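The structure appears below as structure tokens.
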Amino acid sequence: ERTTRLVVLVHMPTRRAAVATSAFAGALNAIPAPLRQTLTYDQGKEMAGHAGLAAQTGMRIFFADPHSPWQRGSNENTNGLLRQYLPKGSSLAGWDQDDLDLVVASLNDRPRKTLDYATPNEAFNSLLAKLANGGKTPNGGGVRYGC
């Protein structure tokens, strides 16, 4: 089954759990609830607020096992795409939300083989249109975040 994976980047002043939870909830709640299904986290300390995030968004949250990147394949693929713009270990101090939005737009407008060469934005807009017309999305047809 095909899942639309949009890239969303949220500028956060710190990696504290409360800040991450608030930023993630704001970004995720901008998406219609039927398209918000699951989120897979890694083991970072900023993820300590996962129960609150689940309560705020209605999403099921999963954790990958430590040192098991294959359990987060789409996340790892997206991280690789992001590294074209944000090299690993580089400081994000000079980046603001407008800068991150440009990266997001570029990645979400890039055709993907897994979407039959549609872009994530095209696939997402198709899901929104189906939802608006009273159609139900199939299992696994929601939006998942690769980052």
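The values are calculated or read from the model by the stated rules, or taken from the named source; none is laboratory data. Values in this document were obtained by computation on a predicted structure and should not be read as measured data. Heads up: the accessible areas ignore ligands, DNA and RNA and are worked out on the full protein's heavy atoms, side chains in. Shrake-Rupley method; radii C 1.70, N 1.55, O 1.52, S 1.80 Å.
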- Note on the structure: Calculated from DSSP helices alone, with each H run of at least 4 adding -39500 (n - 2.57) and the total divided by the residues of the chain, [θ]222 nm to the nearest 500 comes to -11500 deg cm²/dmol
- Message: Rounded to two decimals, what is the ratio between the C-alpha radius of gyration of region 55-131 and 2.2 N^0.38 Å?
- Response: 1.32
- Query: So, with a 1.4 angstrom probe, what is the percent of accessible area on the chain that is carbon and sulfur?
  - Reply: 54
- Task: Largest first and in whole Å, give the semi-axes of region 22-76's equivalent ellipsoid, each being the square root of 5 times a Cα gyration tensor eigenvalue.
- Result: 20, 13, 9
- Message: Test of understanding: in a Gaussian network model of the chain with alpha carbons linked when under 10 Å, which of Phe62, Phe124, Phe24 would top the mean-square fluctuation ranking?
- Response: Phe62
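Using a 1.4 angstrom probe, figure out how much accessible area region 40-99 has per residue, in square angstrom, rounded to the nearest whole.
Per residue, region 40-99 has 64 Å² of solvent-accessible surface.
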- So what is Rg over Rh here for the chain, counting just Cα atoms and using Kirkwood for Rh? 0.94
